[in-house]
1. Between M1 and R65, what is the label-point separation in nm under the 7 Å Cα-to-beta-carbon projection?
2. Divide by every residue of the chain the summed helix terms, -39500 (n - 2.57) for each DSSP H run of at least 4, and state the resulting mean residue ellipticity at 222 nm, rounded to the nearest 500 deg cm²/dmol.
3. Which whole-number percent is the relative contact order of the chain (Cα, under 8 Å, 6+ apart)?
4. If each of L10 and E54 carries a label point 7 Å out from its Cα toward its Cβ, how far apart are those two points in nm?
Amino acid sequence: MKIWNSKYALTEGLIEQDGEEVGDSMVKVGRLQYLHGEGKEWRRTRESAAARAELMRKAKIASVRKQLARLEALRFDA
């Protein structure tokens, strides 16, 4: 079956792969590669994978902004 790998969406993008269901919410996509959690690491449709990637992108932006605020607040004055 065709699946959309969203595990590495922020670094590699969405990847369409052939997968074989091997357990509850788990697919085998390569000789030794498994994706766990339908809806988290993989999706059945590109649209749902893109929606998940968008959530991941927004969460990463929020995290980076928070980190930037902490760094800007640092002062090394004696």
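Read-outs: derived from the displayed coordinates by stated rules, not from any lab. Quantities reported herein were computed from a predicted structural model and do not represent experimental measurements. When we count neighbours, we look across all protein chains shown, and the Cβ atoms used for this are built from the backbone with ideal geometry, even at glycine.
1. Inter-label distance under the simple model: 3.7 nm.
2. It comes out at -13500 deg cm²/dmol, rounded to the nearest 500.
3. Computed over the chain, the figure is 27 percent.
4. 1.8
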